[in-house]
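Values in this text are rule-based calculations from the coordinates and carry no lab data. The structure presented is a predicted model; accordingly, all values stated were derived computationally and were not measured. When we count neighbours, we look across all protein chains shown, and the Cβ atoms used for this are built from the backbone with ideal geometry, even at glycine.
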């Protein structure tokens, strides 16, 4: 079976975790929620660092724990990689020897990721002879990820790997995380409390709160569900998958097409026909009842209002269907009233800003 089945019912004093999920056996699954929601406890259960009674864990058909059958695979026998918030490299070893240390955990016959492949994916070939204490924060984390890959894991766990980095270093690391997603067939469980990281990386999203799963499913769908907290606030956004259709070098723009129409994007290096992942924030979408002419906003697509929800004092979040693609728009309650918006109303979504994710 190409999935991860995990059942953990854990009690820590007054804290209780109830987790019973089938996680896709490929791509990136994000565990998202506030501090204390149970994210790191789930990772500990997946690693087997701590044995929680009554647990069940199967990873792509391999049984790692089933207390009913008295099965428990200890941590050192679980083919997994772990990337922490802080890169835990051996300071007395250079990068090459740090990576080789990870590889020695795996018999040669079971290696699925070569050292050269890990080095190439993280672009650290020029760092191989450098001591780890002479690396920048972003370089250290890239080496830590490469070392985890060098163990040829069947499951890669990442515990807020960007949390300790400043914004510049985060942007340095992000393209490499996206490459892992695109080029390796290793399931990743990614813990984060950053909406931006979730939007850029996750295929599947599990929302946690006070030890319980609030929702689980496709990231694009969950981010636009108005009954969930992730679809509200300043970071509320929609994910759109579009296909590059043309480039306009004169104006440094790229045209991409999706189910709702065409979008003009900041110029991309992507090839014609290549898919790009786009994040459209609700605060950057305004609504009109008719197409507008002479506007500085280049992107306007027809849509149907699906629902409205109170946002904050004087504001409303509007759910939209752009021919099968979900969008969000945050507008004032007065605008919604003047426009007489209600489910079924036809509008035009003017998109003022677009973030290209990959």
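May I have the extent of the alpha carbons of the stretch 138-183 along their three principal axes, as whole Å values ordered from largest to smallest?
The Cα atoms of the stretch 138-183 stretch 30, 19, 16 Å along the principal axes, largest first.
Report the label-to-label distance for residue 216 and residue 288 in nanometres (one decimal), using points 7 Å from each Cα along the Cα→Cβ vector.
4.5 nm
With each run of n ≥ 4 DSSP H residues scored as -39500 (n - 2.57), what mean residue ellipticity at 222 nm is computed for the chain after dividing by its residue count and rounding to the nearest 500 deg cm²/dmol? Spell out each step's value before the answer.
Numbers: 8 runs with 74 residues, N = 358.
Theoretical 222 nm ellipticity from helices: -6000 deg cm²/dmol.
Quick one: if you stick a label point 7 Å off each Cα along the C-beta vector at residue 97 and residue 342, how many nm between them?
Rounded to a tenth, the inter-label distance reads 7.4 nm.
Over the stretch 142-231, what lengths in whole Å, largest first, do the semi-axes of the equivalent ellipsoid take, defined as the square roots of 5 times the eigenvalues of the alpha-carbon gyration tensor? Don't skip to the end; give the middle numbers.
Details: eigenvalues 116, 47, 30 Å².
Taking √(5λ) for each Cα gyration eigenvalue gives 24, 15, 12 Å.
Can you check what the Kirkwood hydrodynamic radius comes to for the stretch 197-264, Cα pairs only, in Å to one decimal? Don't skip to the end; give the middle numbers.
Numbers: mean 1/r = 0.0713 Å⁻¹.
With all distinct Cα pairs of the stretch 197-264 included, I get 14.0 Å.
In units of 2.2 N^0.38 Å, what is the alpha-carbon radius of gyration of the stretch 224-300?
Values: Rg = 14.1 Å, N = 77, 2.2 N^0.38 = 11.5 Å.
Against the compact-globule rule of thumb, the ratio is 1.23.
Return the equivalent ellipsoid semi-axes of the chain as a descending list in whole Å, where each equals the square root of 5 times an eigenvalue of the C-alpha gyration tensor. Please report the intermediate quantities before stating the final value.
On the way: eigenvalues 315, 138, 56 Å².
Its equivalent ellipsoid spans semi-axes of 40, 26, 17 Å.
Just to be sure I understand the curve: with the Debye formula and one point per C-alpha of the stretch 237-356, what is log10 I(q)/I(0) at q = 0.17, 0.19 Å⁻¹?
Relative scattering, expressed as log10 I(q)/I(0), comes to -0.81, -0.98.
Order these peptides, 99-106, 78-85, by their mean beta-carbon neighbour count within 10 angstrom, highest first. Don't skip to the answer; put the middle values down first.
Working: 99-106: 16.2, 78-85: 19.8.
So the order, starting with the most tightly packed, is 78-85, 99-106.
For the stretch 175-317, what Kirkwood radius comes out of the mean inverse Cα-Cα distance, in Å? Walk me through the numbers before you get to the answer.
Working: mean 1/r = 0.0577 Å⁻¹.
About 17.3 Å for the stretch 175-317.
Below 8 Å between Cα atoms, with a sequence gap of 6+, how large is the relative contact order for the chain in percent? Before the final figure, lay out each step's value.
Working: 765 pairs, mean separation 54.8, N = 358.
Taking the mean separation of contacting Cα pairs over the length of the chain, I get 15 percent.
Between residue 267 and residue 245, how many nm apart are label points set 7 Å from Cα along the C-beta direction?
Spacing of the two 7 Å Cα→Cβ label points: 2.1 nm.
With a bin width of 5 angstrom, please list the P(r) values of the stretch 24-63 as percents of all Cα-Cα pairs, from the 0 bin to the one holding the largest distance.
5, 19, 23, 27, 20, 5, 1
Ratio of Rg to Rh for the stretch 1-112, alpha carbon only, Kirkwood? Intermediate values should be presented prior to the final figure.
Numbers: Rg = 15.9 Å, Rh = 16.0 Å.
In the stretch 1-112, Rg relative to Rh is 1.00.
Under 18 Å from a point placed 7 Å out from the Cα of residue 228 along the Cα-to-Cβ direction: which residues of the stretch 183-212 have their backbone N that close?
Answer for the stretch 183-212: 188-212.
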